[in-house]
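Trainee: Below you'll find the structure I mean.
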Amino acid sequence: MQKGNISVQTENIFPIIKQFLYSDQEIFLRELVSNAVDATSKLKTLGARGEVGEVGNTTIEIKLDKEAKTLTISDKGIGLTSEEMERYLNQVAFSSAQEFIEKYKDDANIIGHFGLGFYSAFMVATKVEVHSLSYKEGSEGYVWTCEGDPSYSIEARAKESRGTDVILHVSEDAEEYLEEAKIAELLEKYCKFLPVEIKFGTKTETTYEGEGEDKEEIKTEVDNIINNPSPLWKKQPSELTDEDYKAFYNELYPFSQPPLFWIHLNIDYPFNLTGVLYFPKVANSVEVQKNKIQLYSNQVYVTDEVSAIVPEFLTLLHGVIDSPDIPLNVSRSYLQSDRNVKKITNYITKKVAEKLHDMFKTDRKDFEDKWKEMGTFVKYGMLTEEKFHDRAIKFSLLKNEASEHFTLEEYKEKIAANQTDKHDKLVCIYTNDTASHDSYIQSAKSYGYDVLEMDTIIDTHHMQHLEAKDGKITFVRVDSDTVDNLVQKDEKKESVLSEEEQKQVEELFKANITDIAAKVELKALSPEDQPVMITRPEFMRRMKEMSALQGNAFGDFPDSYNVVVNSNHALIADKVLKAGAEEQGTVVKHLYDLALLNQGMLKGAALTEFINKSLNLLK
C-alpha cells in the first residue's frame, strides 16, 4: 500500500472547500458527473483516433445506498492508473483535462477539470473512495481513499471493468443527498443535457399488445436515462422544423404558452457560442419573465443568472446559451467579466436586432400581429441598450386606437400637417385606456387628431426616451388638457358669457367642489365639447407614474387635476346661471360627478349617491 500527503498550498484546504470555495453545496454532483463525462469523452476521442479497441457501452450510472450511506458515480471512461491517481487526485487545482486538451485539442470536447472540481465531493462526504481501472492494456485496478484531510492512500484492488467509481460516504449533515428525490432533482437541474447517457435507477415502461378485449398491458423495467445527450441547440438549423423548436421549448418550460419565434445561435469565431433564444409572449409583464435563459458550458448547466453575459433587456428572453469560452470561477456559478463576455454580449444583441428587422421587412403584417406580445421587450431594449435602440428604431412600432401601426418616422409624417404646435414640435396624442378615455378620444378625432395607444407598463418611460432621443416630438395624454389645447396654437375662442357671468360660474363651482386636489378653471370651448371635463396635466402625472414604477415616494402623492368648465356650453348658461340658488348647487355637483365618472374617478359611496340621485331625477 502506498501512503502520502496530498500536495496543497495550505493545510486548511478542506475546511475552505467545505465552507467557502463553492457557493452552492449541491453543485458537487454536477462536478463529479461532469468529470465522469470528461473521462468518457476522452475515451471516445481515443476510440475515434483508433488508439483503443471497442469503446462499447459508455452510460454513466448514479447509485444510492441509504443503508451504507453512500452515493456512487460510475463511468466506463478512460480510467486512472495509480500514477495518474497520484498525479491528478493529489495535486489540488492541477487539471488532467487541461493536459488532455493540449494533446487532443482538435478532437476533444472536454467540459471540466478533473482536479479542483473533484474536491467538491468533500462538501458532503466524510470519506471519498475512487475505484478505477485504466483503459491501458495490462492495467490493474486501484482505489484512492481520503477522509477529508491531507492524508490519502492508494492500494491495488481488482476491478472488473474499465472506468472509475467515485464513492461518497455521505456525512450526517448532508443526508438529504441520500434521498432519491433530491438526487433526481439535481440531475434534472444540472445534468439534463450532458452529452453522455446518465442512468439513475430504473423505470417502468408500459406497452400494449393486441386490440380490443384481447389487448394486453405489458410492463417492462428499463434503465432510467435522465438526460438528453443531443439537445436541439447542438444540431444544425437546417435539420430542424418549427415543431422541433416548439417541442424543445416545452421540454425547457413545461406547460408554458408557445413562443412567438426564436433565434438559433451558432458561431465558432472569434468565440464559440451555440444556443437557442425564444421570444415569449411578454405583453404587459416584465419582472415575472426574467431569468429564464439557462447558461451551459459544453452542455453542463451553470446558472440562469446570465446578466453578466446578456444585456438586461435580453433577460426577458427564454432559452439556452452554451459556450466554453465564458470564464467561470471554480464552482462555475459566477461569471467574471472579460473581453470574450463583451464580444458575446454584442453578438447576441446584434443577432436579436437582425432577427427582428428581418421579420419586419419580410412580413410586416405578421410582425404587426405579434407586436402586442413583443413590444414591451423591444421598448425595454431601446431604453437600456444604446446600440439596440439605434437598430430597433427602424422597426419599433407605434399603434393608434384604430389598430394601425407606424414606425416613428412614418408617424411623424402622418401627423405633421395637423399636430404641429406653435413651438414647431410634433404632438403625439395618446391614451393608456381606450375604454375610459373614449369621450376624450372622440373629441380629439373631431379635431382631426390621431390618438396612439400607449398602454403597457413601460410606455411612460418609452415616451420620455423617444422625446429625449428625437428632440422634435412630445407626447401628451388625451385627457391632459382640453382638446383645443392638446396641440397648442395661438388661436383663442371667445366666451359667450360676460366676464361677470364667468366669475359667477367659477365661484359656484369652487364653492361646490371641495376636493383640494381639484383646480377649477373656465375655458371657452366648442359648444359641442363636454360642459365639464377633468384634465390631468401631463408633466406632473407622468412624473408621478414614473416614480411609482421605480418605487419612489413621489409615486404615493395624491393626484392633482383640473376641473375645466366649458363656458360656451348651453348647460352652463341655461342650467347653472339661470337656476335658483339651491338648484345651482345640485346642477354643479351633478355636472362635476359626470366629469369624474367620465374619468373613472367616481367610486364607492360617491358613485352610489350619484346613481341614486340619477334615478330620482327620472321619477
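None of the figures in this text is laboratory data; all of them are computed from the coordinates on show. Keep in mind that what you see is a predicted model, and the values were worked out from it rather than measured. As a convention, Cβ positions derive from the backbone with ideal geometry for all residues, glycine included, and neighbour counts pool all protein chains shown.
Trainee: By per-residue mean of other Cβ atoms within 10 Å, what is the highest-first order of 367-374, 202-209?
Mentor: The densest-packed peptide leads the list: 367-374, 202-209.
Trainee: At 7 Å along the Cα-to-beta-carbon direction for both T126 and D358, put a label point, then send me their distance in nm to one decimal.
Mentor: 5.9
Trainee: Please arrange R477, R49 by how many other C-beta atoms lie within 10 Å of their C-beta, fewest to most.
Mentor: In increasing order of surrounding Cβ atoms, one gets R49, R477.
Trainee: Using a Förster radius of 25 Å, what is the FRET efficiency between T384 and F539 based on their Cβ-Cβ separation? Nearest 0.05, please.
Mentor: Calculated value: 0.55.
Trainee: Moving on. Along the charge dipole of the chain, pointing to its positive end and built from +1/-1 on Cβ of Lys, Arg, Asp and Glu, which listed residue (Q257, G50, L295) has its Cα farthest out?
Mentor: Result: L295, furthest along the dipole toward the positive end.
Trainee: Relative contact order of the chain: what whole-number percent is it, with Cα pairs under 8 angstrom and at least 6 residues apart?
Mentor: Computed value for the chain: 8 percent relative contact order.
Trainee: Here is a follow-up. How large is ³J(HN,Hα), in whole Hz, for each residue of the range 47-57 in order, when computed from phi with the Karplus curve 6.51 cos²θ - 1.76 cosθ + 1.60 and θ = phi - 60°, using x for Gly and Pro?
Mentor: x, 5, 8, x, 8, 9, x, 5, 6, x, 5
Trainee: At 0.36 nm per residue, and after removing the present C-alpha to C-alpha distance, how many nm does the segment from K589 to Q236 gain when stretched out fully?
Mentor: 120.0 nm
Trainee: If you don't mind, there's one more thing I want to ask. Which parts of the range 251-273 would a label at D366 reach, counting a residue when its backbone N lies under 14 Å from a point 7 Å out along Cα-to-Cβ?
Mentor: Residues passing the 14 Å test: 260-263.
Trainee: Considering the options N612, T204, S82, tell which one lies farthest towards the positive end of the dipole of the chain, charges being +1 on Lys and Arg and -1 on Asp and Glu at the Cβ, about the Cα centre.
Mentor: Of the candidates, N612 comes out farthest on the positive side.
Trainee: Tell me the angle of helix 364-384 to the major Cα principal axis of the chain, expressed in degrees between 0 and 90 and rounded to the nearest ten.
Mentor: Helix 364-384 sits at roughly 80 degrees to that axis.
Trainee: Right, here's the next one. Using θ = phi - 60° and the Karplus form 6.51 cos²θ - 1.76 cosθ + 1.60, what ³J(HN,Hα) does each residue of the range 262-276 get, whole Hz, x for Gly and Pro?
Mentor: 8, 10, 9, 8, 7, 9, 10, 8, x, 9, 9, 7, 10, x, 9
Trainee: For the chain, what is the mean residue ellipticity at 222 nm derived from helices alone (per DSSP H run of n ≥ 4: -39500 (n - 2.57); sum divided by total residues; nearest 500 deg cm²/dmol)?
Mentor: Helices in the chain give a 222 nm mean residue ellipticity of -10000 deg cm²/dmol.
Trainee: Shifting gears a bit: How tilted is helix 180-190 with respect to the longest principal axis of the chain? Cα atoms for both, answer in degrees (0 to 90, nearest 10).
Mentor: Relative to the chain, helix 180-190 is tipped by roughly 70 degrees.
Trainee: Based on Cβ point charges of +1 for Lys and Arg and -1 for Asp and Glu, what charge dipole magnitude is obtained for the range 499-618 about its Cα centre, in debye rounded to the nearest 20?
Mentor: Dipole about the Cα centre, nearest 20: 340 debye.
Trainee: Still on this structure, I have one more. Rounded if a/c is under 1.5, else prolate if a/b beats b/c, else oblate: with a ≥ b ≥ c from the C-alpha gyration tensor eigenvalues square-rooted, which is the chain?
Mentor: Prolate.
Trainee: Between V496 and M1, what length in nm is gained on full extension when 0.36 nm per residue of separation is reduced by their alpha carbon distance?
Mentor: Between V496 and M1, full extension yields 167.0 nm more.
Trainee: Using the Cα centre as the reference, give the magnitude of the dipole from point charges on the C-beta atoms of the chain (Lys, Arg: +1; Asp, Glu: -1; all else neutral), rounded to the nearest 20 debye.
Mentor: Using only the charged Cβ atoms, the result is roughly 1460 debye.
Trainee: Taking H placed 1.01 Å from N in the peptide plane, check which residues at least 5 places from V276 or on another chain put their amide H under 5 Å from its amide H.
Mentor: Under 5 Å from the amide H of V276 lie the amide H atoms of L265, V320, each far enough along the sequence or on another chain.
Trainee: Using 0.36 nm per residue, how much length does the chain from K394 to F271 gain when fully extended, once their Cα-Cα distance is taken away?
Mentor: Separation in residues times 0.36 nm, less the Cα-Cα distance, equals 41.4 nm.
Trainee: For the residue pair E51 and N418, what label-to-label distance in nm results when each label sits 7 Å from Cα along the Cα-to-beta-carbon direction?
Mentor: Label at E51, label at N418, 7.7 nm between them.
Trainee: Specify the angular offset, from 0 to 90 degrees and rounded to the nearest 10, of the alpha carbon long axis of helix 538-549 from the longest principal axis of the alpha carbons in the chain.
Mentor: Compared with the principal axis, the helix lies near 30 degrees.
Trainee: Which value, in debye to the nearest 20, gives the size of the charge dipole of the range 158-305 about its Cα centre, when Lys and Arg are +1 and Asp and Glu are -1 at the Cβ?
Mentor: Approximately 920 debye in magnitude.
Trainee: Here's another thing I want to ask about it. Which percentage, to the nearest 5, of the DSSP beta bridges contained in the chain is antiparallel?
Mentor: 75
Trainee: Can you sort M601, M1, M85 from fewest to most other Cβ atoms within 10 Å of each residue's own Cβ?
Mentor: Listed from fewest to most nearby Cβ atoms, that is M1, M601, M85.
Trainee: Of the peptides 376-385, 215-224, how do they stack up when ordered by the mean number of other Cβ atoms within 10 Å, highest first?
Mentor: Taking the mean over residues of other Cβ atoms within 10 Å, the ranking is 376-385, 215-224.
Trainee: Using R₀ = 22 Å, calculate the FRET efficiency as 1/(1 + (r/R₀)^6) where r is the Cβ-Cβ separation of Y447 and L618; round to 0.05.
Mentor: Calculated transfer efficiency: 0.05.
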